[in-house]
């Protein structure tokens, strides 16, 4: 077979069919072609790749063909260029699943598959080793097995006898071999792959540890891991805690004892060790007791450590180096309890000095919690301490975080604004204040000054932050404040919202906040909303602005304004509507028509406009505007009391024009549906016939006849295609 033939859709599909008929010959063909390609060749292999992978998956089903098929999949996986799960990498890894019977991936036993795994794990190629690790992870799965059926059904051939262990011992040996392979290779792997292998062993410890035959092997390995310098003992302890928490009641006594002993050894019993366990680690299982009841098991421990630390600072001092870093995952809780018990806050100088000395992975969590206690007990002292920190060249950058996590006042906000004006903290520091109810305690005057400060910034991020704060302060359920007129309009029409950001993308919540603020503004200040409409129409549909896209929710604001002032909005719309049809005009007409791609589309804004205004605009230039209007009126013929069918009105008034009838037909044909096309066109034809029965206008009836004639041709064409597909 010519190499290039596999790189064509037709050739690859034919090969896949032939592979079912003669998998052995198909494999030899692939060894002569794909098997000789360089990594670069395989990276460029796109068309035909899917079929070759599928063929190899089928070929690997057969015991005698497994090894060579797996090696070819490994080569393709090394040069991976697909992202979906059943790419070459995914199929290769699944070949080593320990599932048996109907969920087995092949006839070959795990013992027969193991050499391929050893080859890959010992390869000089990083990509191959990573794939081998992924395959090991699959091989060590012991609880849940899934396989998509189909690969075993190959034409009229007898289905392969998928692997089934003769005894439990054979199954356990399969797990044991892969586990030992991974364990023995640990010291030889590069650091990142080493950590991946450790994660696999720990992740699979719980499942395999339930099997009594394998439990000792698993515990021995986990114990060994704690002795290796490159293993984070916290990760090991977390896994041991999980095993005991979820499976402790089901484990045999001797196994339970071994896990418990390992947990105790890893935890330790002195103050320092227990601090690192409960203050240093945030373990999900600490939130529940063995019965599954929600009980915070860590809190009493943290409170006790805080009590001891306040009573004996010599216990606390040696721990400060790590307590002021990200290692203290419960640092905030400990700091808060420390502050609650430190009556005169005598520990504050010590804590501040420790924070100054923290360099690598520094974190203010403990200090944040301590300052919360100060805020609750002595707010005046809290203000003075934060004022003092603004002059501390090492710690002044922490003032926004300390404020956010401990409390909020007008003075505190003004303090942070002052730091930002001096360039000590950046605009991004304000983002954190978007979470929490504390900003609702700010006075309206100070809050509005904060917003003005953000709006004066040239950073697009500042406007995004302002939108989020503004929405929360004025529109959240807990808010008792009323939107101000001028500042709200300034925010909604800020120029940075109507131009492309200099870097990155606009915040995904901007549209929502802007829309909700806009709708409230229109409700409170209706006459002023026309200024907002002017800004929206000027930039309507522009890329990377607040009005970007066909389905921007911000259009809901313009809809509200149009309902209130249809004549005024229409007058403004016609300035930009065209023709000629530029990008802005195109988006405006789509908004007017509505998003009716499917039958139940959202109604557009055009029906809100008085009919005489629309027709008056057309009559000023019938030649250029009649057909144009026909192209974007709502594509629906109806009779309903109190409503005007714009499509019918256009036909009655301008239906003698061929360009009007043609564009209206194109408008009505812009659609989507599910199911057979012939049935859809037939239903559409029936609706037109029913409408025509009560129609007395000749222009309308003429258009319906022409459209039905077009639909008849589409029905005939669709039926032919459907019959061909069925065949």
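Before moving on, here are some points about what is shown:
- Segment 532-643: C-alpha gyration tensor shape, a/c 1.5 cut-off, then a/b vs b/c: rounded
- Ranked packing of 479-490, 115-126, most packed first, by mean Cβ within 10 Å: 115-126, 479-490
- Helix-only arithmetic for the chain: the sum of -39500 (n - 2.57) across DSSP H runs with n ≥ 4, divided by the residue total, places the mean residue ellipticity at 222 nm at -18500 deg cm²/dmol.
- Stretching residue 698 away from residue 671 to a fully extended chain increases their span by 7.1 nm, per 0.36 nm per residue minus the current alpha-carbon distance.
- Förster radius 22 Å - calculated FRET efficiency between residue 213 and residue 123 (Cβ-Cβ, nearest 0.05): 0.10
- Percent RCO, i.e. relative contact order, over the chain, from Cα pairs under 8 Å lying at least 6 residues apart: 5
- The modelled label-to-label distance between residue 428 and residue 687, using points 7 Å beyond Cα along the C-beta direction, is 5.1 nm.
- Extension gain for residue 85 to residue 67 (0.36 nm times residue separation, less C-alpha to C-alpha distance): 4.3 nm.
- FRET efficiency, residue 18 to residue 166 (Cβ-Cβ, R0 45 Å, nearest 0.05): 0.85
- Alpha-carbon centroid distance for the pair segment 46-112 / segment 604-633, whole angstrom: 61
- The shape of the chain comes out oblate: with a ≥ b ≥ c from the C-alpha gyration tensor, a/c is at least 1.5 while a/b does not beat b/c.
- Among 186-195, 200-209, the peptide with the highest mean count of other Cβ atoms within 10 Å heads the list, and the full ranking is 200-209, 186-195.
- Efficiency of FRET from Cβ geometry, residue 495 and residue 384, R₀ 56 Å, rounded to 0.05: 0.90
- Once both labels are positioned 7 Å from their Cα atoms along Cα-to-Cβ, the gap between residue 475 and residue 438 label points is 2.5 nm.
- Relative contact order computed over segment 268-409 (Cα-Cα under 8 Å; 6+ residues apart), in percent: 21
- Label point of residue 199 set 7 angstrom out along Cα-Cβ; within segment 169-191, amide nitrogens under 14 Å from it belong to 191.
- Label zone at residue 717 (point 7 Å along Cα-to-Cβ), backbone N below 16 Å, segment 650-671: 665-671
- In segment 268-409, one over the average inverse separation of all distinct C-alpha pairs is 15.4 Å, which is the Kirkwood hydrodynamic radius.
- Stretching residue 350 away from residue 40 to a fully extended chain increases their span by 105.6 nm, per 0.36 nm per residue minus the current alpha-carbon distance.
- Modelled spin-label separation between residue 184 and residue 482, with each label point placed 7 Å from Cα along the Cα-to-Cβ direction: 8.1 nm.
- Contact order normalised by residue count of segment 417-520, Cα under 8 Å, 6+ apart, percent: 28
None of the figures in this text is laboratory data; all of them are computed from the coordinates on show. What you are looking at is a predicted structure, and each value in this text was computed from that prediction instead of being measured. Cβ sites come from the backbone with ideal geometry, for glycine too, and all protein chains shown count toward neighbours.
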